[in-house]
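Some notes on the structure that comes next.
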Amino acid sequence: MLVIEEKNILKIYVQSKLIFIFNKNKTNIELFNSELDIKSSRGSFFIREKKKYLKKLKKFEIIEKSKEKIVLNFENQIELVFEKIKDDFSQIIDNSKLKINDNEELTIPAVIKITIIKLNKDFNGIKIKLNAFKNEAIFGLGEQYSYLNLKNKKVPIFCQEQGIGRGKNLFTFLVNLLYKAGGNQFTTYFPQPSFISTKSYFFIANCFDYSIFDFKKEKTFIKFYSIPETIIIGAAKNFVSTVALKIKLLGKQFKLPEWIFNGAILGIQGGKEIVLEKLKKAKEYNIKVSAVWCQDWEGKRITSFGKQLFWDWIYDEKLYPELPKFIEELKKENIKFLGYINPFLCTDGKLYQIAKEKNLLIKDKDGNPYLTKITTFPAAILDLSNKETIKWIKEIIKNNLIDIGLSGWMADFGEHTPIDSIIKDSNFPKLFKYINKNKFFESNDLNDNTIEDPDNYSNNNDLLNDKYEIIRKFHNIYPVIWSKINYEAIKEKNKENDIFIFSRSGFLFSSNNSMSFWAGDQLVDWSKDDGLPSVIISFLSSSFSGIAVNHSDIGGYTTVAWKKREKELFLRWTEVGAFSIIMRTHEGNRPDKNVQFDYDDETLKHFSKFSRIYESLKEYYKYVYEEYFEKNLPFYRSPILYYPEDKNLYKNYYCYFIGSDLLFYPVIKKSIKKIKVYIPEDSFIHLFDGKEYNKGYHLIETPIGKPAVFYRKNSNFKNIFEKIKNIY
C-alpha cells in the first residue's frame, strides 16, 4: 500500500494501482439513511429505494499513519481503516505463472483490508467512489448471463431467480406482464459483491445486503445499503496472477468425486422402467454414462408449468419400487444414481407437518409458516437461521438420500427467502461465522444490528428498519448456508469422495461452501440473455468470481409457450456439454415437447460421440481441475486471462480455454456452418482436422459434430488430443 499526500489530496495505491483519491474539500464518500421497498413474485424481487437522508462528507483528517496502516476520520461520522495484509502471497506468483510470457518480470502482489467504523448510527448506507481506468474491462459480480464485461454497466447485487427471458424482447415482456417473472439482463441466482479488472486489481466487499455497482469510464461508484464489514482490495503484476490471488482469498470449492469424469450424467425421469429402457438404448449406442440423474426420485407433481416434483424428501415407492436395491444394481454396472432436494417442503407432504410441529420453518407476520408459490403450488421454507433446522434437515439428507445409496443430488433453490419473513435467530454475525473460513473477512461487531426480541418488530420503526436489513442479509446468505449443509451431511457420513452435489444459487463465500454449480434454468432456445449463449458467459463470469466447477443443463430447461427444444439446439448444446467440466442432460419441465438424447438415430450417435470425447479428455480435465487447488486457476479461462493486451479478444466473449491448452469456440447461433474465430499469439491445432492455425482471424467450418476446438501445438497433452482427431 502506497499513500501519497499532494496538497489537499490523498491518494492510495495498491501495488502501483491508484484506487482511492480523497480531496480534503470533497472526499468522494457519501452516507445515507434509506428504506428499501421490496416486493417479490415467484423468486423475483423488485427493489425501490425510499431515500430519507443523504450526507456528502466534504472533509477528512488523518488520525493515524504508518507504512502498514492509515486511519481516516470523516467529520466524526465514520472512520476508514486501511491496513496492509501481512501474508506471504509470493506463492501465488510462483504457482500461477505458466510458460506464457516467460520474459515478464513479476513482483509479489499486494492486498489491503479496509474496515469501516460507523460512528454515527443515524446512517445505514454508504456510497464509495473508486478510481477507474478508461480502457479496462470489468469481470465478475458473481454469475452473470448477458454481459461478461461490465464496464459502463450498472449492476444490482441481490440473490433471486434469473428470470425467464431476461431480455428486452416480446417474450420477456409477456412473462413479466403475466407472472412478473421475466427478469432482466442483471438478475441472477448467484450475485457476488466482487469484481476484477484487466488492469490487474480486484475488489471484494464483505456485505450481504443489497448493493449497486456502477462502472463509469473513469470512476466506479459502489452503493451499499448497509455498512460492509470489510473490503479487500488486491493487485498483482499481471492479470493471471491477480485472478489467482482473488481465487485464493475467496476460498476453493470442495473436491469432486473422480467418477464424475467417467462419462455423461443422463437426466431421466418417469420411474424405474423408463430409466432401464433409456439406459439400454444408451448401451446400444456405446454412450459413456457415469450416472443417471432422476430428479423425480421423491415423486412427481403435474402442474400447468409442466412435470414438477413432490417436495417431500422420501423416495416414491410407486415410481421407484425398492429404490435402494435398484441403486445397488446400477452400481454393479458402474452407474451412479443421483437425486434432487431443495430447502422447501410441500404442504401436502409428511415432512411439512413434522417441520411445522418442530417450529423449523420461516414464519410470516402472523406467526404461521410462510407459504410461497413457486409455480402453482404452495411450499414452506426451512428456517436455516435455526440450528435445530440445520440438524434436522441434515438428518433427512443422511437417512433419506445417503443411506438409500444416492451418489449425489441437485441442491436446488436458495434464493426465495421473502423479505418480510420472521426467522428464529437474527444474530447475523453468528450466521456469518458459520459460513466464513477466511481470517481476512472476520465480522466487525461494531456494526452489528442484531435484534434481541423478534416479537417487537412491529412496535418500533427503527427496529423494523433494522429487521429488514437483517432479513435482506439473511436472504443473501441463505444459499451459502444451504450449500454448506448439504456438504456437511456427506462429510459427517464420510462420503466426501463418493457423493456429487450441484447447487444453483450463491453469494459471497459460496466458493468455499460448495462442491459445484450449474448455470440454472435456461430457456430451450438460442437467445443471448437466457439461452445457449448465456451459459458461456455464466461459466466465465463465475470463474472470475472464484468458481471452478460450473456446468449447464444440456439443451436448457424452461419450456414455455412456443419455446420447445429443437434437435439442432440439443446437438450444439451437447458439444458445449462435452467441453465442460461436467456433462449432464436435463429433460426440462416439459420432457414430451423437448428433443432428448434418444430422439432419433442421429441424435443418439451424436451424443454417443461427444460422451466418448468427454471421457477421452478425462486425464486432461482432471489435470486442469487440480490446477484450481494447486495454482488457484479456474477450469474455464477467458483468453483474456493470458492475453489481456490483445484487443481482438474483447470483440467476442463467447469462447474459453479449458486450462491453458484447449481453446473452444462454441456454435451459439442456429443454422451456422462456419464461424469466425480469433487465434491469439501461439500455434494451435484444430482438434478434429489437424490443421495448424496461427495468430489472427480465421473462418472455420463447423458442421454439426465438428465444433471449433483447438489445442496448443506444444501441449504436454498432445497425445490425448491427437487420439481424438484420429478416432473422430
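The values are calculated or read from the model by the stated rules, or taken from the named source; none is laboratory data. It should be emphasised that the depicted structure is a prediction, and the values quoted were computed from it without experimental measurement. Ideal geometry is used to build each Cβ from the backbone, glycine not excepted, and the neighbour counts take in all protein chains shown.
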Within region 394-409, is there a residue that is farther than 30 Å from LYS332 by Cβ, buried (at least 18 other Cβ atoms within 10 Å of the Cβ) and under 23 Å from the mean Cα position of the chain (by Cα)?
no
Please enumerate the residues belonging to region 597-624 that are under 22 Å from the mean Cα position of the chain (by Cα) and surrounded by 20 or more Cβ atoms within 10 Å (Cβ to Cβ).
TYR621, VAL624
Filter region 534-557 down to the residues that are touching a Lys or Arg at 6+ places or on another chain (Cβ under 9 Å) and part of a strand (DSSP E or B), then identify the one that is surrounded by the most Cβ atoms within 10 Å (Cβ to Cβ).
ILE554
When both residues are 6+ apart or on different chains and their Cβ atoms are under 7 Å apart, which pairs have a first residue that lies in region 710-728 and is assigned to a helix (DSSP H, G or I), and a second that is polar (S, T, N, Q)?
ILE720/SER616; PHE721/SER715; LYS723/SER616; ILE724/SER616
Quick one: which of ILE302, ILE335, ILE314, ILE287 is free of Cβ contacts under 8 Å to residues at least 12 places away in the same chain and not charged (D, E, K, R)?
ILE302
Mind listing whichever residues of region 376-388 are touching a residue at least 60 places away in the same chain (Cβ under 8 Å) and either loosely packed, with under 15 Cβ neighbours inside 10 Å or of a type in the set (Asp, Glu) (or both)?
THR376
So LYS350, is it of a type outside the set (Asp, Glu), more than 24 Å from LYS394 (Cβ to Cβ), loosely packed, with under 14 Cβ neighbours inside 10 Å and out of contact with any His (no Cβ under 7 Å at 6 or more places or on another chain):
no
Mind listing whichever residues of region 130-142 are outside any loop (DSSP other than H, G, I, E, B) and within 30 Å of ASP530 (Cβ to Cβ)?
ILE138, PHE139, GLY140, LEU141, GLY142
Is it true that ALA132 is at pLDDT 95 or above and in contact with an Asp or Glu (Cβ under 9 Å, 6 or more places away or on another chain)?
yes
May I ask you to list the residues in region 283-306 that are part of a strand (DSSP E or B), on the phi < 0 side of the Ramachandran plot and either in contact with a helix residue (DSSP H, G or I) (Cβ under 6 Å, 6 or more places away or on another chain) or not basic (Lys, Arg) (or both)?
VAL289, SER290, ALA291, VAL292, TRP293, ILE302, THR303
Of the numbered conditions (1) modelled with pLDDT of 95 or more; (2) surrounded by fewer than 17 Cβ atoms within 10 Å (Cβ to Cβ); (3) not in a loop (DSSP other than H, G, I, E, B), ASN359 fails exactly one; give the number of that condition.
(3)
I'd like to know if region 673-688 contains one or more residues that are on the phi > 0 side of the Ramachandran plot and surrounded by 15 or more Cβ atoms within 10 Å (Cβ to Cβ).
yes
How many residues are aromatic (Phe, Trp, Tyr) and within 14 Å of VAL535 (Cα to Cα) when one looks only at region 571-608?
2
Going through region 87-129 in order, the residues found to be at pLDDT 50 or above, part of a loop (DSSP other than H, G, I, E, B) and either more than 18 Å from TYR13 (Cβ to Cβ) or in contact with a Leu (Cβ under 7 Å, 6 or more places away or on another chain) (or both) are ASP87, ASP88, PHE89, PRO109, LEU119, ASN120, LYS121, ASP122, PHE123, ASN124
Are any residues in region 188-202 at negative phi and buried (at least 23 other Cβ atoms within 10 Å of the Cβ), and if so, which ones?
THR188, TYR189, PHE190, PRO191, GLN192, PRO193, SER194, PHE195, ILE196, SER197, TYR201, PHE202
Only listed residue being of a type in the set (Asp, Glu), on the phi < 0 side of the Ramachandran plot and in the same structural domain as TRP518 (by TED's automatic domain parsing), chosen from GLU317, GLU357:
GLU317
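Here is a yes/no grid of residues against (1) aliphatic (A, V, I, L, M); (2) outside the structural domain of VAL81 (by TED's automatic domain parsing); (3) part of a strand (DSSP E or B):
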{"position": "PHE186", "(1), (2), (3)": "no, no, no"}
{"position": "PHE195", "(1), (2), (3)": "no, no, yes"}
{"position": "LYS199", "(1), (2), (3)": "no, no, no"}
{"position": "PHE203", "(1), (2), (3)": "no, no, yes"}
{"position": "PHE208", "(1), (2), (3)": "no, no, no"}
{"position": "ILE212", "(1), (2), (3)": "yes, no, yes"}
{"position": "ILE232", "(1), (2), (3)": "yes, no, yes"}
When region 468-507 is checked residue by residue, the ones that are in a helix (DSSP H, G or I) and free of Cβ contacts under 8 Å to residues at least 24 places away in the same chain are LYS491
So LYS280 passes all but one of these: (1) surrounded by fewer than 23 Cβ atoms within 10 Å (Cβ to Cβ); (2) part of a helix (DSSP H, G or I); (3) in contact (Cβ under 8 Å) with a residue 24 or more places away in the chain. Which condition number does it fail?
(3)
Among the numbered criteria (1) closer than 30 Å to ASP646 by Cα; (2) out of contact with any Pro (no Cβ under 6 Å at 6 or more places or on another chain), which one does ALA205 miss?
(2)
Could you please find all residues in region 143-177 being crowded, with 17+ Cβ neighbours inside 10 Å and outside any loop (DSSP other than H, G, I, E, B)?
VAL155, PRO156, ILE157, PHE171, THR172, VAL175, ASN176
State the number of residues belonging to region 556-570 that are under 25 Å from the mean Cα position of the chain (by Cα) and hydrophobic (A, V, I, L, M, F, W, C).
3
Note down all Cβ pairs under 9 Å where the first residue falls in region 508-534 and is free of Cβ contacts under 8 Å to residues at least 40 places away in the same chain, the second is among the small types (Gly, Ala, Ser) and not in a loop (DSSP other than H, G, I, E, B), and they're at least six residues apart or on different chains.
GLN522/SER534; GLN522/SER538
Would you be able to say whether some residue in region 583-600 is outside the structural domain of TRP562 (by TED's automatic domain parsing), under 28 Å from TRP293 (Cα atoms) and not in a loop (DSSP other than H, G, I, E, B)?
no
